[in-house]
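This report refers to the structure that appears directly beneath it.
The values are calculated or read from the model by the stated rules, or taken from the named source; none is laboratory data. Computed from a predicted model, the values in this text were never measured in an experiment. We place every Cβ from the backbone using ideal geometry, glycine too, and count neighbours over all the protein chains shown. For the accessible areas, the whole protein counts, side chains as well, though only heavy atoms, and no ligand, DNA or RNA atoms are used. Shrake-Rupley method; radii C 1.70, N 1.55, O 1.52, S 1.80 Å.
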Amino acid sequence: MIKFASVFSDYAVLQRRMPIPVWGTAEPRRLGEVRFRGESRRVLSTPDGRFLVRFSPCEAGGPFVLEAELIGSGERCVLREIMVGEVWLASGQSNMEMALGAVSAAEALEAEKTENVRMLNVPHCARTGGRAEFHARWMRPGHGNGRVFSAAAFYFAREVAQATGVTVGIVHSSWGGTDAMAWCSREALVQNPDFRDMVLELEAEMFHPERWSGACDRDIYSPQYDKLVEIVQAIGCPENDGVGRGWADPCFDDSGWKRMMLPNRWNQMGEDYNGVLWFRREVEIPAEWAGRPLTLAIGAVDKHDITYFNGVQVGATGSGVDTNVWNELREYRIAPELVQGGRAVIAVRAYSFLFDGGLIGPADAMRLYPEGEATETGIELCGQWRYATEFNMGRVTLPATSAVEPGREELYGTCNMPHVLYDNMIAPLIPYAVRGVIWYQGEHNTLRRNRAYGGLMQSLIEDWRRAWGQGKFPFYQVQLPGFHAGMPYEEASSWARLRLGQQAAAEATGNDFAVTLDLGDPDDIHPKRKREVGERLARLALRRDYGMELVENGPFPLDAVFEGDAVRLRFRRCAEGLCFDPGPSLFAIAGADGVFRTVEPEIAEGSLLLPYTGVGRPRRIRYAWADNPQGALLRNGAGLPAPTFELEIL
């Protein structure tokens, strides 16, 4: 058997004008051949069954076929509808993860019309020791898939696709509420003096037997998880009572069952509880499929499933209180002796003991088709299913997190341990050829270690570049928007401090960042103006990577010079002049006493003059220094805002 890695699937986008690495698994020490666009590459699989080849750089185009074959046996794996275009990796935390469907139903519906953007969502995973593979597939926006696309990444991709005229693929790997430290490799962290001791301390503690007492379906001890297990066990759950009622049997009369459009979360469709629901769907098997093995792909099931074909169990995923499989794609093999032409019934027992539940897709991943053939030749399974409730266990809520010693939270919740997300959600993508990275993260780091953020992000960027081996590819950050109550100046602002770290990392690595001070929401850490975020990220790429003539960002300070009784502040990227929004000044100057006092600036020949009447000689100047700076935002002629900054005065 030979197959490609999960990052390759039907509808994948491969990077143009770069060598194209392609890898996967096969029987150990077997000669295989991989073919793409008329080129063939032969390779001997390793003793542990891995192979990797590289194809020559090529121009954009498609659709193409990517095929792998074991020499001698003729066993093949074929992927279709492959495009060559531009590929970007989108990563970070919840504001990158925020899907179009969460922004607005109208925007998700609009995205369905886009034909030249595709996306791969990497499933969450935080296993100690990492993973080499995951279960996911590339999606096009149609068939309801657009609502699960990262909104910021989608708008970025759409802008780039429209400007370049080629298909843009987004490899999306993000996780809400995560620390940048979790996305950085161990090798990079131990070389950073701010994080080395933390990593070594964790490694000294985490493998003690008492930390793993009773562990079965998780990767590291968590008091919160133990409480969840207790709650679920106290409620109890019947052992597949539905199969005893005949709900898997093709002859069962389900005409009295309710109907639900899938993919969907049942909590959003009027069934707001946890427990077990059964879903049934009739299909018509073509006569020519009789006696052939089939692949039954039902997408992801939140959280566990047992799946049947004509009353016979063909697959199951998840057990106990396993929280790691809620978004893993299910693909089950139907043996040839079970396949006959005519009516057949697919039944899925879905069990969710926390948060949402359901068959959550994506729609493109819900199909029944002959094994080894392209998915588009099969039967679509998205659409209307019948369903019934086997067990209603009420609404289960996650217990409050037990208090942990301040500064040691990373030793507990798995997704924020050092390097765990790099090991599970970045390493499996390497060396997939990409043009660059867009990154939207930092909210979590405002809570701790925000002064070390610049150095941490510099370590992360340089390490990802090293790991990919493509040179200094672009890495564009989203500078944090405004959040919390609006203020013209806030001395203790942690968000302003972190924005400086983002700027420092960009400058140290030769990158840039999208300024979003004006796109925040004082009451919501997940602001919905993701269209502008994506478009501003796209401006950076279009100017810096695709050579297009446009203003890529807002005004950026060059220097501040004391001239008599005022400070002159000069900028680059003024784009036909500077202007202010209405409101109080966001500029503050500190003198010899170190106290920052707000001052009213005056626009003077492409620069700003800021009067100074403080103590002694002026020392430092700050702009937009607040969690949510509210006042006279500085913009250039293109309407793009300046970033939060702090400068020494010359």
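Remarks
- Overall size of the chain from C-alpha positions, given as principal axis extents largest first: 91, 60, 49 Å.
- Cross-link reach is defined here as a Cα-Cα straight distance under 26 Å, omitting same-chain residues fewer than 8 places apart; for Lys113 the lysines meeting it are Lys528, Lys530.
- When only Cα pairs below 8 angstrom with a gap of at least 6 residues are kept, the chain shows a relative contact order of 13 percent.
- Inverting the pair-averaged 1/r between distinct Cα atoms of the range 418-512 gives 14.4 Å as its Kirkwood hydrodynamic radius.
- Reciprocal of mean inverse Cα separation for the range 224-293 (Kirkwood radius, Å): 15.7 Å
- By average C-beta atoms within 10 angstrom, highest first, the peptides 390-396, 512-518: 512-518, 390-396
- Packing rank of 621-628, 352-359, 286-293, 21-28, where each peptide gets the mean count of other beta carbons within 10 Å, highest leading: 621-628, 352-359, 21-28, 286-293
- Fraction of accessible area attributable to carbon and sulfur, the chain (%, probe 1.4 Å): 50 percent
- Probe 1.4 Å, accessible area per residue of the range 3-124, Å²: 40 Å²
- Compared with the dominant Cα axis of the chain, that is its longest principal axis, helix 494-509 is turned about 80°.
- Of interest is the spacing of the C-alpha centroids, which for the range 111-126 and the range 177-191 amounts to 25 Å.
- Note that the range 499-650 shows a convex hull volume over its alpha carbon atoms of 121 Å³ per residue.
- Span from the the range 498-539 Cα centroid across to the the range 155-171 one, whole angstrom: 19 Å
- Here is the tail figure for the range 509-597: Cα pairs spaced more than 17 Å apart come to 66 percent of all pairs.
- Between 0 and 90°, nearest 10: helix 223-235 axis offset from the chain longest Cα axis: 40 degrees
- The local environment of Pro557, defined by Cβ-Cβ distances under 15 Å, has a net charge of +3 under the rule Lys, Arg +1 and Asp, Glu -1.
- Per residue, in Å², the accessible surface of the range 482-586 once ligands and nucleic acids are set aside, probe 1.4 Å: 42 Å²
- The Cα-based radius of gyration of the range 60-193, divided by its Kirkwood radius, gives an Rg/Rh of 1.04.
- Rounded to the nearest 10 degrees, the inclination of helix 196-205 to the longest alpha-carbon principal axis of the chain is 40 degrees.
- Cleavage-rule hits (GluC sites (Glu not before Pro)) in the range 579-650: DSSP loop, at most 15 neighbouring Cβ within 10 angstrom: Glu605
- Mean Cα-pair separation over length for the range 449-513, i.e. relative contact order, pairs under 8 Å, 6 or more apart, %: 55 percent
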